[in-house]
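Asker: One structure, pasted below without further comment.
The values are calculated or read from the model by the stated rules, or taken from the named source; none is laboratory data. Here the structure is a predicted model, which means the values were calculated and not measured. No Cβ is skipped: glycine too gets one built from the backbone with ideal geometry, and neighbour counts run over all protein chains shown. Only protein heavy atoms, including side chains, enter the accessible area calculation; ligands, DNA and RNA are left aside. Shrake-Rupley method; radii C 1.70, N 1.55, O 1.52, S 1.80 Å.
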Amino acid sequence: MGLREYVVRRFLQLIVTFWAFFTLLFVLFRMMPGDPTSMFILDGMTPEQREQRIAELGLDQPLYVQYVEYIRQLLTGDFGQSFIYREPVTDIILIRFMNTIVLMGTALVFAYLIGVTFGALMGWWRNSRFERGGIIVTLMARSSPEFWVGIVLLSVFVFWLGWFPSSGMRTTGGELGGGFVARYGSLDFLRHLFLPALTGAIVYLATPTLLMRSTMLDVLNADFIEIKKAEGLPERTVLYKHAARNSILPLVTVAAIATGAAMGGSVVIETVFNWPGMGREMVRAVNNNDYPVAMAAFFLMGSVVILMNFVADLAYVYLDPRVEYE
Amino acid sequence: MTLLDITNLKTYYRAEDGWVRATDDVSLSIERGETVGLVGESGSGKTTLAKSIIRLLPDNAEIVDGSVAFDGTEITELTDSELRKQLRWSEISMIPQNAMNGFDPVYTVGQQIVQVIRYHEDGTSKAEARERARSLFDELGIEPDRVDDYPHQFSGGMAQRAMIALALALSPSLVLADEPTTALDVVIQDRILETIKKMQKELNSAMIMITHDMSVVSETCDRIAVVYGGRIIEIADAETIITNPRHPYTLGLRNAFPDINDDDQELISIPGTPPELVDPGEGCRFAPRCPFAEEACWEVTPEPESYGDGHEVECHRADEVELLQTEAGKKETWLEQEIGRPDDPTADRATAEVESDD
Amino acid sequence: MSTGTTSPIDSATSTIGNGIDYVRTKLEVFEGDRLGQIGLATLFVFLVIGIFARPTTIEFLNLTIPGIAPHDPGERAVGGRLESPSAAHPLGTTDMGRDVLSQVIAGTRVTLLVGSLAAFMAVFIGTNVGLVSAYFGGWVDDVLMRITDIVYGVPFLPFAIVLVAILGNSLVNIIVAIVLILWRSTARVIRSQVLSHKQRPYVESAQAIGAGHLRIMYRHILPNVLPLTFLYAAFAVGWAVIAEASLSFLGFGDPNMLSWGEMIYNVYTANAIREAWWWVFPPGICIMLFVMSVFFIGRTLEEVVNPELRHQE
Ligand SMILES: Nc1ncnc2c1ncn2[C@@H]1O[C@H](COP(=O)(O)OP(=O)(O)OP(=O)(O)O)[C@@H](O)[C@H]1O
Ligand code: SF4
Ligand SMILES: [Mg+2]
């Protein structure tokens, strides 16, 4: 199979995966307890108004009509109105989605930068104290749920040392307003970002570190490493350009899985640090039966994961000349 | 002129139960342009000896004693960076057994050749280095455009040629070829060997050719050193080793390989297994398997004895050459149960299992 | 399908037998592995605490074993509100005056329950999916692997939150949510392992003598991939416990089964996170220690089972 065919085939798979994911969402959210009008009844809605509302939402239609309508709406990016905020879901969710991406993106980038370097060195200095200590520290980080790491950091840096703000994204002003630069471009923002991002970095560091270490150990046993040393190339070149470069391949695949973990993890981290992102919003929405918001959040998180899996597969092909496209 | 002079070299590996004496008191010198073969069973220490020369040893290895002088420079005393810059690849390069694994899979072969050229030669441009890689390919019988191919795109034989191109890219004075053709099929083997010889002649490089295969060394080497249990037990010019060896082990090795000129020859293998290299103790290391072992063989380690023209043998009975050669040609000799120390019940008796020696 | 003389149950029994033999021989690997030993010891301590957390009556022996927990974890006002640690309450009390130590001890049981049940089911499903997928190949493989891919596209926590919101927040539903996601990695790894075994001579010879599919799959191939299953089970225990803790922390835990994660959720809702360190740290440290112990064990197994294989998730 040629490269082009592979990409096309992988793309078709992507579409099937998305379709399956859409359907899963549809099924899950139609099963939600309490119908979406129950919130309005509290507001003193008359039965007639309620009927009308249900008709507005299309809930009186047969299920397949609802399904088709649902797919159409998703594809046009229309998630309906929030039951709580009474605003279009898109308006509510997009800005929070950005906040989440900024937070978790930062966390992942740091997790990978540190993890890859740390893991490569652990492999290079195998059987050293550095390696043994590194493994213990890494496993400790990996054994801690996000909220636990967050709480420890909060206790130390906020409650005890008082170095960082405890929650939110900005000290003053609305958390959601302003342009991109106004929102993310200040020192104040960075101070707020530090602890939650660090939390994510610590938790997601373990996988790349351990994987990098073990692939390094394999790669270092390969004949070509010996040849590169025999070539007289400096240790740095052998370590980074050859050993680490080869070891990084499996990490590409895992990066996609890590994104999945991070998307889920954002729910927890944002709750701990009160970060105005999509994860926290989702918890709030589920607790308040605000289905449109919950569904949009879930939809976006899943889409990011599915897309990342796709990108990772393509990146792998690009990075490893040996891949056979099957 | 002597290019490489190894004297009393001892390279040991640290293991759980003591030191593995993989190279134990070895002396060997090599002239410019000369090809020396190292033959011996698996585990006899051939690779260790070769790698000691460029100090390309694993972490648990140590050169405990002896000297390796290359062109007057004492290698054991160089710092790592001197070693890298002055000797590795520019003076001494190597060809591994499996070329496919010798290249980094994620770069093209050309990129790897260019990298090593440019690292060792300041001021060579990428284009020049690439041009050199292409012309090397041409000389070695590979389409020059294939420098842009990745290692996995080469066949086994082609990859081995590409590896030779890499090894010769800096015209080194010495090439360490560790079983360069074992992984290939017979027809290709011969062609690769011819190519290596041709290029070596052109560049006047010396070579150490490691192999299990007597026929390979006899065709390609000027001199042959037979390695057993971490020691060179016999060394002479190729002709002498093939036609007139004196050491019982060499005689046994010779029996185990088909002679192209003699169709009726019966293949006989040496019974028993290679010696334990951890604390081997005194005495001849071949004694447990040697049909000619005497009392003295078990007690005293034989010293190298010279028989003219650089023919040196480590055997107490090397003087009885006619007896040894006649008896060693007989199958019964190697089946005999007398092998093993007669008066020592604890000694491992070599089994007469007929197994090839690798 | 010609299963020959052996019923699937027989194969299952012999498979389990093989597994136990395997574990017995492989326990030796813990010798000389410090981390693995620490893991085993820690896990053992948690097991004992979990089993004897509350008073247990064995009826036919007419015997009551006293529980380790000094108080009923749910009982209010056994002490004052938010008392810091003292001799009477070594880990202090909650905002309702409940005994923290007793809660931590009782939480061990929930953790053990979730960890073992979820891991067992996830690995059971994953192993079977991987085995069937690789063995039959073709469209079966295609379908099963697409499903696996899709599950890889579902982020765990959001999914679990929605599912628990739909089905109700009981421990069973939490375990179901965990299992529905957790089987995926086992399935992938077992599949690739089985693919390589399928080519081996022993499978061909089994086919040659006319062994049926079930027999070949469960009698011949499964025992060879079982070590990997055990390894994944160890990791799955860790992930399941983390997952349950996170869900409970978010407030989706089972209100009738107080777990460590839920304790921390309670600290949050009581607004006591700043002051009541004695209430926050014990459950958090327990989660970390417990998961670490199974990861240490998993690591030891990993080095033996297959050094080439790396755990990914
Ligand atoms: N890293 C090591 N640690 C301990 N012992 C080693 C190590 N490498 C090699 N040895 C031992 O040293 C001895 C010599 O090994 P060496 O690889 O030099 O043999 P060889 O003649 O090249 O064998 P082969 O023909 O199989 O390549 C063997 O007994 C081997 O087991
Ligand atoms: S010294 Fe003795 S044992 Fe050793 S090879 Fe010669 S005859 Fe055989
Ligand atoms: Mg060798």
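Asker: At a probe of 1.4 Å, how much accessible area disappears from chains A and C on forming the pair, both sides counted, to the nearest 100 Å²?
Answerer: Approximately 4400 Å², summed over both chains.
Asker: Among B:125, B:38, B:57, whose Cα lies farthest out toward the positive end of the dipole of the range B:31-154, if unit charges sit on the beta carbon of Lys, Arg (+1) and Asp, Glu (-1)?
Answerer: B:125
Asker: Starting at the first residue of the range A:283-300, write each ³J(HN,Hα) from the Karplus equation 6.51 cos²θ - 1.76 cosθ + 1.60 with θ = phi - 60°, in whole Hz, x for Gly and Pro.
Answerer: With coefficients 6.51, -1.76 and 1.60, one gets 4, 4, 5, 5, 5, 9, 6, 8, 4, x, 5, 4, 5, 4, 4, 4, 4, 5 Hz.
Asker: Continuing with the same structure: Skipping prolines and chain starts, which residues have an amide H placed within reach, meaning under 5 Å, of the one on residue B:23, given they are 5 or more residues away or on another chain?
Answerer: B:11
Asker: What FRET efficiency comes out for the pair residue A:307/residue A:68, r = Cβ-Cβ distance, R0 = 25 Å, nearest 0.05?
Answerer: The computed FRET efficiency comes out at 0.55.
Asker: On to the next question. First compute the accessible area of the range B:1-48 with a 1.4 Å probe, then give the percent of it belonging to carbon and sulfur atoms.
Answerer: 42 percent
Asker: A follow-up question, please. Could you sort A:229, B:197 by accessible area so the largest value comes first, with the probe set to 1.4 Å?
Answerer: A:229, B:197
Asker: While we're here: Under a Cβ-only charge scheme (Lys and Arg +1, Asp and Glu -1), can you give me the dipole magnitude of chain B about the Cα centre, in debye to the nearest 20?
Answerer: 1600 debye
Asker: Could you order C:114, C:237 by accessible surface area, starting with the largest, using a probe radius of 1.4 Å?
Answerer: So the residues, ranked largest to smallest area, are C:237, C:114.
Asker: Moving on. Sort chain A into rounded, prolate or oblate with this rule: let a ≥ b ≥ c be the square roots of the eigenvalues of the Cα gyration tensor; rounded if a/c is under 1.5, and if a/c is not under 1.5, prolate when a/b is larger than b/c, oblate otherwise.
Answerer: Because a/c hits 1.5 or more and a/b fails to exceed b/c, chain A counts as oblate.
Asker: Filter the GluC sites (Glu not before Pro) in the range B:5-80 to those in DSSP coil with at most 14 other Cβ atoms within 10 Å of their Cβ, and list the result.
Answerer: B:16
Asker: Straight distance only, please: which lysines reach the Cα of residue C:198 with their own Cα at less than 25 Å, same-chain residues fewer than 8 apart left out?
Answerer: Cα-Cα hits under 25 Å: C:26.
Asker: Could you give log10 I(q)/I(0) at q = 0.19, 0.20, 0.23, 0.24 Å⁻¹ for the range B:100-171, computed by the Debye formula over C-alpha point scatterers of equal weight, without solvent?
Answerer: Debye intensities relative to I(0), on a log10 scale: -0.65, -0.72, -0.95, -1.04.
Asker: May I pose another question? Taking R0 as 35 Å, what's the FRET efficiency between residue A:4 and residue C:141 from their Cβ-Cβ distance, rounded to 0.05?
Answerer: Computed FRET efficiency for residue A:4 and residue C:141 comes out at 0.90.
Asker: Given the C-alpha centroids of the range B:203-232 and the range C:229-286, what is the distance between them in whole angstrom?
Answerer: Taking the Cα centre of the range C:229-286 as reference, the centre of the range B:203-232 is 67 Å away.
Asker: Give me a comma-separated list of calculated 3J(HN,Hα) values for the range A:253-270, in order, Karplus coefficients 6.51, -1.76, 1.60 applied at θ = phi - 60°, integers in Hz, x for any Gly or Pro.
Answerer: 5, 5, 4, 5, 5, 4, 4, x, 4, 5, 4, x, x, 4, 4, 6, 4, 5
Asker: Could you provide, to the nearest whole Å², the per residue accessible area of the range B:100-171 with probe 1.4 Å?
Answerer: 39 Å²
Asker: So how much accessible surface do A and B hide from each other in total, probe 1.4 Å, in square angstrom to the nearest 100?
Answerer: 2100 Å²
Asker: A further question on this structure: Averaged over peptide C:161-168, how many Cβ atoms belonging to another chain are found within 10 Å of each residue's Cβ?
Answerer: The mean count of partner-chain Cβ atoms within 10 Å per residue comes to 6.
Asker: Can you list the residues, at least 5 places off or on another chain, whose amide H is less than 5 Å from the amide H of residue B:225, using H built in the peptide plane?
Answerer: Placed amide hydrogens put B:37, B:38, B:39 under 5 Å from residue B:225.
Asker: For the range A:224-236, in order, what is each residue's ³J(HN,Hα) by Karplus, 6.51 cos²θ - 1.76 cosθ + 1.60 with θ = phi - 60°, in whole Hz (x at glycine and Pro)?
Answerer: 5, 5, 4, 4, 5, 5, 5, 5, x, 5, x, 3, 4
Asker: In the range B:244-336, what percent of the accessible surface is made up of carbon and sulfur (1.4 Å probe, ligands and nucleic acids excluded)?
Answerer: 45 percent
Asker: Considering amide H positions built from the backbone, and no H for Pro or chain starts, which residues 5 or more places from residue B:33, or on another chain, come under 5 Å of its amide H?
Answerer: B:206
Asker: Let me ask something additional. Solvent-accessible area per residue for the range A:244-302 at a 1.4 Å probe radius, Å²?
Answerer: Here the residues of the range A:244-302 average 17 Å² of exposed surface.
Asker: Order the following by accessible area, largest value first: A:269, A:114. Probe radius 1.4 Å; ligands, DNA and RNA are ignored.
Answerer: Sorted by accessible area, descending: A:114, A:269.
Asker: Farthest toward the dipole's positive end in the range B:244-336, which of B:308, B:326, B:256, given Cβ charges of +1 (Lys, Arg) and -1 (Asp, Glu) about the Cα centre?
Answerer: B:256
Asker: Something else now. Can you figure out the FRET efficiency of residue B:278 with residue A:11, using R₀ = 51 Å and their beta-carbon distance, to the nearest 0.05?
Answerer: With R0 = 51 Å, the Cβ-Cβ based efficiency is 0.30.
Asker: Can I ask one more? Checking the a/c ratio against 1.5 first, then a/b against b/c, what shape does the Cα gyration tensor give for the range C:235-290?
Answerer: Oblate, because a/c is 1.5 or more while a/b does not exceed b/c.
Asker: Putting +1 on Lys and Arg Cβ atoms and -1 on Asp and Glu Cβ atoms, find which of A:206, A:124, A:255 reaches farthest to the positive end of the dipole of the range A:96-319.
Answerer: In the range A:96-319, that residue is A:124.
Asker: Sticking with this one: Quick one: how many Å² of residue B:220 are accessible to a 1.4 Å probe, rounded to 10?
Answerer: 10 Å²
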